[in-house]
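Just so you know, all these numbers are worked out from the coordinates, no wet-lab data involved. This structure is a prediction, so every number in the text was calculated from the model and none was measured. For neighbour counting, all protein chains shown are included, and Cβ atoms are generated from backbone atoms with ideal geometry for every residue, glycine included.
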Amino acid sequence: MTLDAPAVGWLLWGTLLLRPYVVVFLLAYLAAAGRDLGLRRALGFLLWSGGVAFCAEYASTRVGIPFGLYHYTGATAPRELYLSNVPVFDPLSFVFLSYASFCVARRTLGGERGPRSVLLAGVVMMLLDMVIDPLAVRGDRWFLGRIFTYPAGGVYFGVPLSNFVGWALVGWIIIGGYVWATRDGEPGPRGPGRSAGPGVALYYGVLVFNLAVTLWIGEWGLLSAGILVHVALYLLLYAVSAGRSGGGP
């Protein structure tokens, strides 16, 4: 179906109304990354990460790579903007999730932007998805809606383990690609890691939001697992950071 400009504008407006939490996190990303990376690089990161995420989503819904096979239901298609079969808010979410994870890695490693920070950022992003995707599978019980399904289900609260492998891989591609493309200079006007604090706050803001919704719908097992995973992660990051410089993440 071909959409004219007014129809696209209406669906974009519907997306803003239907996904206000994504809009808030994107605005937080622009504020944090604009200060940290500079506006030009923040916009470049947005385009790069959103493009990589869309390709990953598009491929996964057809051949199951890299997240495992799943399908978008299209239930919200009349109310929000889609790119092909993918809701536009979904790849846009990877923008702030990957950036925030990169900030956590940089803060932990003292501003390092090499392979270790890329590796850590991908893992940190994957661990955040251990709360996000199982909650999203239950979207019919909160305001997300039933937007996608895994035909074969999954062992981790209805999500296949391949999904988490895919998240780590996509995180490494997004962040590694950005680091490679900007290897000729500092990541922003204040130098490496000095403005990562707002991005770290964004990471934990996303985590708290998802844990709060998990609590709201009464998913006690998922809530407990998410808290345990992220308490353990925080303690590990704190130990690494403290061992390096005497400070926490």
(message) Under 5 Å between amide hydrogens, which residues at least 5 positions from R146 or on another chain qualify, with H placed 1.01 Å from N in the peptide plane?
(response) D140
(request) In whole angstrom, note down how far apart the Cα centers of segment 19-87 and segment 221-236 are. (result) 25
(request) Would you work out if segment 68-114 is rounded, prolate or oblate? Take a ≥ b ≥ c from the square roots of the eigenvalues of the alpha-carbon gyration tensor; rounded if a/c is under 1.5, else prolate when a/b is larger than b/c, oblate otherwise. (result) prolate
(request) Would you calculate, for the chain, the mean residue ellipticity at 222 nm contributed by helices, counting each DSSP H stretch of 4 or more residues as -39,500 (n - 2.57) and dividing by all residues, to the nearest 500? (result) -23000 deg cm²/dmol
(message) Highest mean first, how do 144-155, 51-62 rank when packing is the count of other Cβ atoms within 10 Å averaged over residues?
(response) 51-62, 144-155
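What shape does segment 1-84 take by its C-alpha gyration tensor, where a ≥ b ≥ c are the square roots of the eigenvalues and a/c under 1.5 counts as rounded, a/b above b/c as prolate, and the rest as oblate?
Oblate shape, in that a/c is at least 1.5 and b/c is the bigger or equal ratio.
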(request) Assign one of three labels to segment 89-141, namely rounded, prolate or oblate, based on the Cα gyration tensor with a ≥ b ≥ c the square roots of its eigenvalues; rounded applies when a/c is under 1.5, prolate when it is not and a/b is larger than b/c, and oblate otherwise. (result) prolate
(request) Enumerate the calculated ³J(HN,Hα) couplings along segment 119-135 in order (Karplus 6.51 cos²θ - 1.76 cosθ + 1.60, θ = phi - 60°), each rounded to whole Hz, writing x wherever the residue is Gly or Pro. (result) 4, 5, 4, x, 5, 4, 5, 4, 5, 5, 5, 5, 9, 5, 6, x, 5
